[in-house]
Amino acid sequence: MEFRVSAPGKIVLYGEHAVVYGKTAVAASLDLRTTLEFKEIEDQIVGLSMPKVRLQVNIPNYVEKIGYTNLQQKLALEAFFYLLIAISQVEGLSVRPFRIAIDSALAISSGLGSSASFAVCIATCFLHLSNAQKNELSSLDANELEKISRFAFSCEKIMHGTPSGIDNSVCTYGSIIEFRRGETLEPILGAMQMRVLLVDTRVQRSTKAQVDKLEALKRRYPSIFGPVIEAIDNVSKEALEVIKTVRSLPGDGGEGLHSSYQQLMTLMEVNQGLLATCQTSHPSLDRICAEAKNYGLAAKLTGAGGGGYAYILLLPDTPTETITSISKKLIANGYLVTLTNLGGAGVELHTL
Ligand code: PMV
């Protein structure tokens, strides 16, 4: 038996940080994906290849100890074995020798959902295997996707402590998602696909440190930061309205589409301003936003802030020369730039 699974990464479009306080966030899948290749083999081993964490191991039937040299490798192995054991128990999967190779177009530990897309791929792989052992087809229907997202969420807890659940959801369902902590969420069916430039500041940041900083500010000045967080919630809700409206525009969207993009850009700038007020921006992120504005475009930090990534929303008619020019400028300033699409497919299974 041989098959391939892939799952997208994610970015938060609107509402990060406020989502920690139960407010609305909007996230989208990236067309940068993690890919898993599965093959049953004769040798009595489980073979694992994970080049992103520089891990290559052959695990014999009887295991005393698996060698790992850093935290990323430890977490990757823990996630893998957690899913193998959990799915064996819950779904009655019987484990036979296999080889799995997992690679990703996503930078790891950078807020792009690499760990969730990794967990979604592995959960889908074992679920498909257990279906096949029962002679059942994997349809990746609502029921299966819910299972996959739930397994991946448990896995995220092992890797991150208290994840909000946004990453495993987007990596499973794809598209654009309206998210509130603890609520069942739905991808926005038929949501628009958008082009963005993903800009890596190359400034290291810690999500926990950023979240803790805002928590301290909110505790010290509740009457200031309470309303700011409320305002971010309203930005997300307004953006969702726009995204939903675009679905009903006729044909190529015309004037309506143009106006929707203008609104999304305004809301990005407002959200960025509010996040800067929350002290979660960074001079490098501010420079990216200023550069985008020079080109008549909008940018916003995505994720925890304090470094990490920003995204620049491209318009349907942004010319290639503009994209090339702004990319060159940003690269000359030391940033990394990737042109990518948002809102594409969630987890996919390709049988070979
Ligand atoms: O870790 P990142 O960069 O994907 O950002 C997390 C987004 C926050 O809202 C800041 C935290 C959270 O758990 O939602």
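Quick note: the coordinates plus some simple rules give every number you see, no bench work behind them. Since the structure is predicted, the reported quantities are computational estimates derived from the model, not experimental observations. All Cβ positions, glycine included, derive from the backbone under ideal geometry; neighbour counts span all protein chains shown.
So which residues in the range 195-230 are away from the ligand (no atom under 16 Å from the Cβ) and either within 18 Å of residue 13 (Cα to Cα) or not in a helix (DSSP H, G or I) (or both), if there are any at all? Within the range 195-230, 195, 197, 221 meet the criteria. Pairs meeting the criteria (first residue in the range 77-101 and under 19 Å from residue 42 (Cα atoms), second residue crowded, with 17+ Cβ neighbours inside 10 Å and among the small types (Gly, Ala, Ser), beta carbons under 8 Å, at least 6 apart or on different chains) are 93/130.
Exactly one residue out of 126, 151, 80 is more than 16 Å from the ligand (Cβ to nearest atom), farther than 27 Å from residue 303 by Cβ and not hydroxyl-bearing (Ser, Thr, Tyr), and it is 126. Out of the residues in the range 1-23 that are within 11 Å of the ligand (Cβ to nearest atom) and among the aliphatic types (A, V, I, L, M), which is surrounded by the fewest Cβ atoms within 10 Å (Cβ to Cβ)? Here the residue is 20.
Would you say residue 271 is touching a strand residue (DSSP E or B) at 6+ places or on another chain (Cβ under 9 Å) and either assigned to a loop (DSSP other than H, G, I, E, B) or polar (S, T, N, Q) (or both)? Considered against the rule, which asks whether it is touching a strand residue (DSSP E or B) at 6+ places or on another chain (Cβ under 9 Å) and either assigned to a loop (DSSP other than H, G, I, E, B) or polar (S, T, N, Q) (or both), residue 271 comes out as yes. One residue alone among 164, 114 is buried (at least 16 other Cβ atoms within 10 Å of the Cβ), small (Gly, Ala, Ser) and in contact with a Leu (Cβ under 6 Å, 6 or more places away or on another chain), and that residue is 114. For the range 292-315, does any single residue satisfy the condition of being more than 20 Å from the chain's Cα centre (by Cα) and either farther than 24 Å from residue 331 by Cβ or within 16 Å of the ligand (Cβ to nearest atom) (or both)? No - not one qualifying residue is present in the range 292-315. Look at (1) assigned to a helix (DSSP H, G or I); (2) in contact with a helix residue (DSSP H, G or I) (Cβ under 6 Å, 6 or more places away or on another chain) and you find that residue 315 fails only one, number (1).
Annotation: residue 120 fulfils all but one of (1) more than 16 Å from the ligand (Cβ to nearest atom); (2) part of a helix (DSSP H, G or I); (3) under 16 Å from residue 36 (Cβ atoms); (4) under 17 Å from the mean Cα position of the chain (by Cα); the unmet one is (1).
Just for the range 81-117: of the residues that are under 19 Å from the mean Cα position of the chain (by Cα) and not small (Gly, Ala, Ser), which one is farthest from residue 203 (Cα to Cα)? By that ranking, first place goes to 102. Kindly check whether there is at least one residue in the range 24-41 that is away from the ligand (no atom under 16 Å from the Cβ), basic (Lys, Arg) and in contact (Cβ under 8 Å) with a residue 40 or more places away in the chain. The answer is yes; a qualifying residue exists.
Does residue 25 satisfy the condition of being out of contact with any Cys (no Cβ under 8 Å at 6 or more places or on another chain) and closer than 15 Å to residue 168 by Cα? Considered against the rule, which asks whether it is out of contact with any Cys (no Cβ under 8 Å at 6 or more places or on another chain) and closer than 15 Å to residue 168 by Cα, residue 25 comes out as yes. Selection of the range 167-193 for residues being more than 16 Å from the ligand (Cβ to nearest atom), surrounded by fewer than 17 Cβ atoms within 10 Å (Cβ to Cβ) and of a type in the set (Gly, Ala, Ser) yields only 190. When the test is whether a residue is surrounded by 13 or more Cβ atoms within 10 Å (Cβ to Cβ) and in contact (Cβ under 8 Å) with a residue 60 or more places away in the chain, residue 198 passes it.
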